2 protein chains.
Amino acid sequence: MTPRAVTYRRLHEIDNAMGTAVTVQAMVFGNRGERSATGVAFTRDPSTGEKRYYGEFLVNAQGEDVVAGIRTPQPLTIAMKEATGGSLPAMEEVMPDAFAELVTVFDRLEAHYRDMQDIEFTVQDGRLWILQTRSGKRTTHAALKIAVDMAEEGLIDRDQAVARIDPASLDQLLHPRLDPDAPKQVIAKGLPASPGAVSGKVVFNADDAERMAASGEAVLLVRVETSPEDIHGMHAARGILTSRGGMTSHAAVVARGMGKPCVCGAGELAIDYRRARLSAGKIDVAAGEVITIDGSRGEVILGAVPTVDPKLSGDFATLMGWADERRRLRVRANADTPGDARTARRFGAEGIGLCRTEHMFFEEARILAMREMILAGDGDGRRAALAKILPMQRQDFIELFEIMGGLPVTIRLLDPPLHEFLPHEPEEIDAVARAAGVDGAALRRRAAELQEVNPMLGLRGCRLGVLFPEIYEMQARAIFEAAIAAAERSGRAVEPEVMVPLISDARELAMIKQAIDAVAKEVITESGQPLAYQVGTMIEIPRATLQAAEIAEHAEFFSFGTNDLTQMALGLSRDDCAKFLERYLQQGIFEADPFTTLDIAGVGALVEIACERGRRGRSDLKLGICGEHGGDPATIGFCERVGLDYVSCSPYRVPIARLAAAQAALAAAGTEAAPD
Amino acid sequence: MTPRAVTYRRLHEIDNAMGTAVTVQAMVFGNRGERSATGVAFTRDPSTGEKRYYGEFLVNAQGEDVVAGIRTPQPLTIAMKEATGGSLPAMEEVMPDAFAELVTVFDRLEAHYRDMQDIEFTVQDGRLWILQTRSGKRTTHAALKIAVDMAEEGLIDRDQAVARIDPASLDQLLHPRLDPDAPKQVIAKGLPASPGAVSGKVVFNADDAERMAASGEAVLLVRVETSPEDIHGMHAARGILTSRGGMTSHAAVVARGMGKPCVCGAGELAIDYRRARLSAGKIDVAAGEVITIDGSRGEVILGAVPTVDPKLSGDFATLMGWADERRRLRVRANADTPGDARTARRFGAEGIGLCRTEHMFFEEARILAMREMILAGDGDGRRAALAKILPMQRQDFIELFEIMGGLPVTIRLLDPPLHEFLPHEPEEIDAVARAAGVDGAALRRRAAELQEVNPMLGLRGCRLGVLFPEIYEMQARAIFEAAIAAAERSGRAVEPEVMVPLISDARELAMIKQAIDAVAKEVITESGQPLAYQVGTMIEIPRATLQAAEIAEHAEFFSFGTNDLTQMALGLSRDDCAKFLERYLQQGIFEADPFTTLDIAGVGALVEIACERGRRGRSDLKLGICGEHGGDPATIGFCERVGLDYVSCSPYRVPIARLAAAQAALAAAGTEAAPD
């Protein structure tokens, strides 16, 4: 390679760096003999973030030679040489003068740019030339350490340190990951649907997962795709693998919510339920054999691979502390189970923003009573069936309230369409009918009656509450009795927030709130205990955003259910859009997946209308968001701008949300944003 | 009955009439002997509207006696007596003085109230007392005649005449109805889903309907419920009867659109497809036997019942002419076929506001090519299949353009999800696979791939155009070639309006418009003919209303697709809401069925936003509505207030819309509204 070409590349880079037309510049040569050299250096270690010079150089060479890897480069410092046990002499030894000058430059550049620098240099006939400097790329670990160190060194302030970390990058710290040194045999690739790595025995159905997990086995649930009936198996499994479905499939969304590793849509896998086997090319894996999935990379790996646990102390904790001092938005978690709630608190959640109650009806002991309720012909029959569920549901809430120790807990009343609780396969229908002691034909008829063309827009949410008031009455009673019981046991007041889903009109909410208030009054009278509670609603139907002023007259809080609001505002079914979303992203019609980052121009516009009108209806209305977007940094910036009070997200995204909320507050105050 | 009680009733009525507290009033008695009497009278004939006094009276009686029907009342006038051939003497004969005084009162009251009066009177000892007067109820026929006559008599002006007629009441004039004198044996009741009465032979599937209709038979299609695959049978049948589904079911909506009588959800009927029989209690009707349905009353009647045809001339035509002079809104029709288009013109439509093109793919000759396209693996395969449909579709458009004779025609590009074009039942799948020469398994696989959880929010509308651009390219070519051909034949310019459905973002429309424009350029070059056309979009996704300014930069017109906009804005599936809509109406959560009358607070708010923002994006943007709401008088009032340019509705609702539009214009100008 000729010096001309080299120089051209340098000019090109400089040009890019300066953002102007090509400029003419003197050329220097690192290949003029033994007193010439070229190298790249970092002012700190880009892998660990430690404050020590780091880099490589080659004597009598040009920049390309370092990059090309033809000759083995030499270490920059004696310390590096010793650390790696290499035999080649360090620059510090062979060119001490140039090295000393380089060190001075390092300090000057860091002081000027207030960030770790990635520097290209050349030595020509003993004289040092700096070709380029820029902020250096680094691992998340290094980024945290550098930001905290620099703040402590006084190079930057704490706000700048907070602003420097990409919130999304924290995700790789929060989950166990594969030991990078362990060998692995990848047998299939899918989508990295929920981060973290985990090994376990393969099971092909939810019941096996639950049974084996109960006997202490680590299992991975492997399904073509999952449905709400698999929830108990997903809870029991350590990770989930599917051969079909995208990043927003049921498996992916639920796994992320549970903070469990998940690989989705691994299309190369053939899953044969009957033979209880999965095959990937020539490799066959039977039920009970061990595999590993890496949900951060979408890999399916044969056998067990050791994993490394996340560390949440040290620089991470320091920086999160600084972030917490800066943020205005509160951060809650979407948590349905005691396990979720504990994880949420460990990650610093300040409450539960969304506790879905439907999983409480799917557990084996309850699903029979639930089906009995669905098959009942009248309110009395439904009430009798619900009475069986009440004590179990009350116990669920007591546990949640105790774990949350007085922090706010928002509980959403039953939301999914009833047909989700009925079996669908003919064999299963007969089995369930036998178990429930009803006629198989009656069960089939009821299931057919409940079937819907567009369940997303059907009989669900508060519409269930309007048609079958006894369901919400039972749930309200379970919540209030649990709040009183938990307060008695802990001596700490519990103020539950009852959230009514799918409201589209103020009259709908007024009617349901009246029933909830009546139950509260009964419970207060029966128990002789005081009880404070709030009633609010999820804003997830476009009409509700327009009617927010009227609705707010009956609601103490709004929580934006941006998953469903996105589906309705964009006319886009999350379960069906995988077929065309990719094309929409490729062609730039959508800038981002609207189920990951809030569509600010559409859904965001509705949220803004609802905030403005809602506050007009009730000036102290509490506003939050509990869709998956609540854990997305870009969305959190929007939430700060429109003045929400809190965001709520998957427990594992709580730290991301805390940092993003701090950055959003800093951005609002005019402080620099994170570098990209 | 005592005079006291009578007086109480009168006071009560007077109180109602005056809207104030009960007042004290002198009592008069019609039962004081032969010189006393009581009666009710109308200043014109409430049945025909003719200007002749009409009424009944009883000598020596009180008001209740007339109403109770215990004694046979006597006619008011000699003319009435002669017309009915009765033997009892008329009041004109037995109480000539009181009658003469009554006539004077009639004229004075009509002149004062400027409307036909319904009067209660009593004669006590030869002296006339008027107990009450109010505007009289009348048939629609009478209402039209009275309004036109009074305007011509100078009692009211033409605007008042226009304002007097309830637009919805016209519906009973526009369809054939059962001869009121004919006997009928009603065997079941269902919902009055689409007005009009018709008799025909029972058929149980669409193919039989088509075959028998082709051989000149009048048939009624009887199904448990209908789906888009039944369209050809619905076109062929004279009426539709279903045992399941509500006022907004597929059968009801399509039948109204076609202007065919339809009775829906006649749940007492058991329909047995295998035995080709329907039974209602003990009555069995086999395929080929004749029944009659009355879609205005929801009746299913055994055998044929004679019907009476509507008359659209005379007072109706006069009043519609006056209405047309007053209205600002243009009225178009939703018309998919030549038959629809002809009906639309007959009823005074000023263009087609929505021509759906999907039915053009369902006809037998085309569905094979359509399925071939769906099964094709690539764009070339799809183009080859579409090339077979092109000449047929072009011919459809030529015919429509010719019928419409230069009036604007808005053609919506393909909208429904592709799975609607595939067979669903296993047997049918195999038959279709054999006919199409493809593998049954491949067809099943493709059908399974295309299946959707929420088809309303799935791969349909312009999303098909983004994924498979060749579909819209074929359709644009068919439209443009047809426009040129029709213009050549008729010598009259045709300017088609190409409507892109389900747009949610400006970039989506920009991309599709570019492809349409490219096809237009090609057609112009190939034909050497000039071609003017417009490209616009349906606004039916909530996000589109918020992005209207950006979208309008690429659209020459917006047509509000309020059916889907209602479904998405309210989160309410039209196919699924029957289960709970009734309860919502009963409990007053909804004031009206939102699929019949536009939900102004929600959907209307979005329409207003879209109008305002759309005009900001393009000041001369043409705005219309083409959902079923376009024919609803209350909605038309809203359309006038927000300044739409046109409404488009079912052909049979065009006169209703014309009158409602005139009343809306009068209301906007401050003229009195119609009495209720």
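Checking A:ALA493, A:ALA448 one by one, the residue that is assigned to a loop (DSSP other than H, G, I, E, B) and surrounded by fewer than 16 Cβ atoms within 10 Å (Cβ to Cβ) is A:ALA493 and no other. Assess whether A:ILE484 counts as being farther than 26 Å from B:GLY571 by Cα and in contact (Cβ under 8 Å) with a residue 12 or more places away in the chain. Considered against the rule, which asks whether it is farther than 26 Å from B:GLY571 by Cα and in contact (Cβ under 8 Å) with a residue 12 or more places away in the chain, A:ILE484 comes out as yes. Looking across the stretch B:30-40, the residues that are crowded, with 24+ Cβ neighbours inside 10 Å and either assigned to a loop (DSSP other than H, G, I, E, B) or aliphatic (A, V, I, L, M) (or both) come down to B:GLY30, B:ALA37. Being of a type outside the set (Val, Ile, Thr) and in a strand (DSSP E or B) is the filter here, so list the residues in the stretch B:285-294 that pass it. Within the stretch B:285-294, B:ALA286, B:ASP294 meet the criteria. Looking only at residues of the stretch B:443-461 that are free of Cβ contacts under 8 Å to residues at least 40 places away in the same chain and over 13 Å from A:ASP575 (Cα atoms), we find that the one that is nearest to the other protein chains (Cβ to nearest Cβ) is B:ALA448.
If only one of A:PRO261, A:PRO310 is touching a His at 6+ places or on another chain (Cβ under 9 Å), surrounded by fewer than 18 Cβ atoms within 10 Å (Cβ to Cβ) and touching a residue at least 40 places away in the same chain (Cβ under 8 Å), which one is it?
Result: A:PRO310 is the single residue among A:PRO261, A:PRO310 that is touching a His at 6+ places or on another chain (Cβ under 9 Å), surrounded by fewer than 18 Cβ atoms within 10 Å (Cβ to Cβ) and touching a residue at least 40 places away in the same chain (Cβ under 8 Å).
When A:MET538 is tested against (1) more than 10 Å from every other protein chain (Cβ to nearest Cβ); (2) part of a helix (DSSP H, G or I), exactly one condition is not met: (2). Please give the number of the condition B:ARG543 fails out of (1) touching a residue at least 40 places away in the same chain (Cβ under 8 Å); (2) within 13 Å of chain A (Cβ to nearest Cβ); (3) crowded, with 19+ Cβ neighbours inside 10 Å. Looking at each condition in turn, B:ARG543 falls short on (1). Of the helices (runs of 4 or more DSSP H) that lie entirely inside the stretch A:578-656, those containing 1 or more residues that are touching a helix residue (DSSP H, G or I) at 6+ places or on another chain (Cβ under 9 Å), touching a residue at least 24 places away in the same chain (Cβ under 8 Å) and under 27 Å from A:PRO192 (Cβ atoms) span A:633-642. Name the single residue that is nearest to the other protein chains (Cβ to nearest Cβ) among those in the stretch A:591-618 being closer than 26 Å to B:HIS419 by Cβ and crowded, with 21+ Cβ neighbours inside 10 Å. Result: A:PRO594. Checked against the criterion of being touching a Leu at 6+ places or on another chain (Cβ under 7 Å), modelled with pLDDT of 90 or more and buried (at least 19 other Cβ atoms within 10 Å of the Cβ), the candidates B:ALA349, B:ALA385, B:ALA341, B:ALA335 yield just one match: B:ALA341.
All of B:ALA237, B:ALA270 fail the test of being farther than 30 Å from B:LEU354 by Cα and touching a residue at least 12 places away in the same chain (Cβ under 8 Å), apart from B:ALA270. Scan the stretch A:352-369 for residues that are of a type outside the set (A, V, I, L, M) and open to solvent by 10 Å² or more (accessible area, probe 1.4 Å) and the total you get is 7. In this structure, A:ILE429 does satisfy being in contact with a Pro (Cβ under 6 Å, 6 or more places away or on another chain) and either over 30 Å from A:HIS629 (Cβ atoms) or at pLDDT 95 or above (or both). The set of residues in the stretch A:590-604 being among the aliphatic types (A, V, I, L, M) and at pLDDT below 95 consists of A:ALA592 alone. The helices (runs of 4 or more DSSP H) located wholly in the stretch B:46-96 that include 3 or more residues which are open to solvent by less than 40 Å² (accessible area, probe 1.4 Å) and not basic (Lys, Arg) occupy B:63-68. Listed by first and then second residue, the pairs linking a residue in the stretch B:505-526 that is within 20 Å of B:ALA552 (Cα to Cα) to a residue that is of a type in the set (Lys, Arg) and surrounded by 14 or more Cβ atoms within 10 Å (Cβ to Cβ), with Cβ atoms under 8 Å apart and 6 or more places separating them unless they lie on different chains, are B:ASP505/B:ARG543.
Please specify each residue of the stretch A:516-540 satisfying the condition of being acidic (Asp, Glu) and open to solvent by 10 Å² or more (accessible area, probe 1.4 Å). Those that are acidic (Asp, Glu) and open to solvent by 10 Å² or more (accessible area, probe 1.4 Å): A:ASP517, A:GLU522, A:GLU526. Can you tell me which residue in the stretch A:502-515 is nearest to the other protein chains (Cβ to nearest Cβ), limited to those that are crowded, with 22+ Cβ neighbours inside 10 Å and in a helix (DSSP H, G or I)? Ranking the candidates gives A:GLU508 first.
Within the stretch B:236-254, the residues that satisfy the criterion of being modelled with pLDDT under 85 and within 17 Å of the chain's Cα centre (by Cα) are B:GLY246, B:MET247, B:THR248, B:SER249, B:HIS250, B:VAL253, B:VAL254. Annotation: A:GLY491 fulfils all but one of (1) over 21 Å from A:LEU386 (Cα atoms); (2) more than 33 Å from the chain's Cα centre (by Cα); (3) within 14 Å of another protein chain (Cβ to nearest Cβ); the unmet one is (3).
Restricting the search to strands (runs of 3 or more DSSP E) fully inside the stretch A:295-383 and requiring at least 2 residues that are of a type in the set (Phe, Trp, Tyr) gives an empty result. If you take the residues of the stretch A:619-629 that are open to solvent by less than 30 Å² (accessible area, probe 1.4 Å) and modelled with pLDDT under 95, which of them is farthest from the chain's Cα centre (by Cα)? It comes out as A:GLY627.
Condition first: without any contact (Cβ under 8 Å) to a residue 60 or more places away in the chain and of a type in the set (Asp, Glu). Now tell me which residues in the stretch B:273-298 satisfy that.
Listed by number, the list holds a single entry, B:ASP284.
The residue list A:ASP599, A:ASP576, A:ASP645 contains one member that is under 21 Å from B:ASP505 (Cβ atoms) and touching a Gly at 6+ places or on another chain (Cβ under 8 Å), which is A:ASP576. Of the numbered criteria (1) farther than 26 Å from B:ASP576 by Cβ; (2) in contact with a helix residue (DSSP H, G or I) (Cβ under 7 Å, 6 or more places away or on another chain); (3) open to solvent by less than 10 Å² (accessible area, probe 1.4 Å), the one B:GLY200 fails is (2). Restricting attention to the stretch A:643-650, does a residue exist that is at pLDDT below 95, in contact with a Phe, Trp or Tyr (Cβ under 7 Å, 6 or more places away or on another chain) and under 27 Å from A:GLU556 (Cα atoms)? Scanning the stretch A:643-650, I find no residue that is at pLDDT below 95, in contact with a Phe, Trp or Tyr (Cβ under 7 Å, 6 or more places away or on another chain) and under 27 Å from A:GLU556 (Cα atoms), so the answer is no. Residues in the stretch B:553-584 that are crowded, with 23+ Cβ neighbours inside 10 Å, charged (D, E, K, R) and more than 7 Å from chain A (Cβ to nearest Cβ): 2 in all.
The values are calculated or read from the model by the stated rules, or taken from the named source; none is laboratory data. Computed from a prediction, not measured in an experiment: that's the story for all the values here. We place every Cβ from the backbone using ideal geometry, glycine too, and count neighbours over all the protein chains shown. Accessible surface is based on the protein model in full, side chains and every heavy atom, while ligands, DNA and RNA are left aside. Shrake-Rupley method; radii C 1.70, N 1.55, O 1.52, S 1.80 Å.
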